[in-house]
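As structure tokens, the structure follows; a few thoughts come after it.
Derivation of every value follows stated rules applied to the coordinates shown; laboratory data play no part. What you see is a predicted model, and the numbers here were worked out from it, not measured in a lab. Cβ sites come from the backbone with ideal geometry, for glycine too, and all protein chains shown count toward neighbours.
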Amino acid sequence: MKNSTNPKRTLRYTTLMLCLFISLTLLVTALIHMSNTQTPTLSEHKSQTHAKLEPNPWLTHIIQPGDTLGEILSQWQLSFGETLSLLKQPLAKQYLINLKPGQKLEAHITKNTLLELKYTINTTDTLIIKNGHETYHATVIKNPLTSRLLTSSATINSNLSSAATKAHLSPGLYKQLTDIFAGTVNFKTAIQPGDHFRILYKEYYLNNKKHHSGEILAAELTNKNHTYTAIRFTTGTQTGYYTPTGNAIQPKYLKYPVHYTRISSPFSLHRMDPVRHKIAPHLGTDLATPTGTPIHSIGDGTVIFEGWSRGFGKTIIVRYNKHMKALYAHMSRFTSSLPHHVHKGEIIGYVGQTGWATGPHLHLGIYIDGKAVDPMTFSPPTGNPITKNQMTAFTATKNKLLDKLKQTTGQTT
Ligand SMILES: [Zn+2]
């Protein structure tokens with residue numbers, strides 16, 4: 001029985017080997033697991049990025065949720081005092097107190113002294129802080145955006161919105177297109193299949209990547225076989241869209257300063273006043289809309305009154321020209337730091353029901369030479385046409401833009 005083995009011994013041997021194998025496997029698994037799940041701490045991050053490469057003394061840290069400037073700087077061997085004096089700079093305070101996860105913080109440090117700090121605020125802005133003998137100097141620099149002129153066009157099958165989607169217009173470009181022609185064509189009722197648009201616009205790039213769509217420089221809208229053309233032109237501080245002959249396309253004033261739900265009370269010379277219960281003229285239009293709805297200035301003008309005006313409650317009066325003023329009443333609040341000069345579309349305050357009001361609404365009054373007119377029937381003038389003096393410059397701009405716009409032929413979708 002030389003070759004026979006003791007079954008008991010074999011079993012014990014096998015069990016032993018199996019136990020050894022399992023223990024080893026467990027150990028190895030645990031080790032792998034540890035090295036995988038260990039989250040890198042700030043100091044490790046530092047040691048990865050610090051690298052003690054003397055020729056490149058810049059340290060880099062990508063902000064993680066919960067990171068604070070103090071922690072990061074102390075990992076970079078800078079004192080708490082240094083953090084404090086950094087944060088004395090208003091710009092540093094503005095951007096470095098709440099660090100945004102994912103943004104990059106870089107520091108140039110030698111001999112435990114911070115020489116320069118860079119923080120990417122967003123894709124275009126970088127905060128730079130330089131150590132200039134005892135005090136820090138902070139600035140925000142803009143990364144240069146480049147722009148290209150692009151064209152886009154589409155034939156309308158059902159409505160303008162789906163044609164714009166088909167042509168991959170950004171929401172901003174679509175809004176500009178509708179704003180340009182809103183006073184010319186009724187997009188809800190007049191658009192027919194076969195109508196067509198074509199635009200020339202600026203597209204901005206940052207490091208060769210598309211950043212955002214800019215302004216439309218020229219546009220054409222063909223509606224019922226008639227083509228309307230708009231050219232963007234700037235004179236002095238005013239920018240607007242003009243017909244090829246130099247007439248302003250867009251109205252100079254907005255008709256509605258708020259998005260409203262309904263007209264709760266029209267302009268009337270004999271109205272039963274809901275608060276005072278007597279017949280009194282209602283020298284404006286009441287646009288009912290929830291409290292807090294932004295109120296936009298209907299044009300470019302000068303604020304001549306801002307305060308409480310008896311039954312009107314919180315009121316702003318803006319003078320738009322020698323003859324025309326508008327009164328905005330019952331506001332819940334004014335926009336903070338309301339400028340003296342306001343622009344068309346700029347938010348001046350918010351809807352409320354201050355003063356004599358039975359519900360939240362904006363009372364809009366328009367006065368021509370001191371006399372109230374009905375804001376809903378008053379037809380605001382369009383902007384001024386191109387003057388004789390501006391005509392040469394306008395014509396040159398027009399020819400250049402229309403040439404570029406025409407180059408879209410063949411790319412029609
Ligand atoms: Zn009113």
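Figures for the structure shown
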read-out	value
Fewest-first ranking of 272, 324, using other Cβ atoms within 10 Å as the exposure measure	272, 324
³J(HN,Hα) computed for each position of segment 123-136 - Karplus, 6.51 cos²θ - 1.76 cosθ + 1.60, integer Hz, glycine/proline x	5, 10, 10, 10, 8, 10, 10, 10, 8, x, 6, 6, 10, 9
Amide proton proximity set for residue 228, modelled H, under 5 Å, gap of 5+	221, 222, 223
Linear extension gain, residue 254 paired with residue 159, 0.36 nm per residue minus alpha-carbon span	31.8 nm
Sorted largest first, extent of segment 262-373 alpha carbons per principal axis (Å)	37, 30, 24
Translational D in µm²/s for segment 58-142 (Stokes-Einstein at 4 °C, 1.567 mPa s, Kirkwood Rh from C-alpha pairs)	102
Filtered trypsin sites (Lys or Arg not before Pro), segment 151-206: DSSP coil and at most 12 other beta carbons within 10 Å	188
Residues with amide H under 5 Å from that of residue 333, placed H, sequence gap 5 or more	350
Segment 155-261: GluC sites (Glu not before Pro) falling in loop per DSSP and having at most 10 other Cβ within 10 Å	none
Proximal lysines to residue 400, defined as alpha-carbon separation beneath 29 angstrom and excluding residues fewer than eight positions away on the same chain	166, 175, 202, 209, 210, 224, 252, 344, 388
Tensor-based shape of segment 197-321 (alpha-carbon gyration tensor, a/c under 1.5 rounded, otherwise prolate or oblate)	prolate
Over segment 149-211, volume per residue of the alpha carbon convex hull, in Å³	79
Segment 220-272 - Rg (one decimal) and Dmax (whole number), Cα, Å	17.7, 49
Residue-wise HN-Hα coupling along segment 261-266, computed from phi with Karplus coefficients 6.51, -1.76, 1.60 (Hz; x: Gly, Pro)	8, 7, 8, 7, 7, x
Highest-first arrangement of 300-310, 224-234, where packing means the average Cβ count within 10 Å	224-234, 300-310
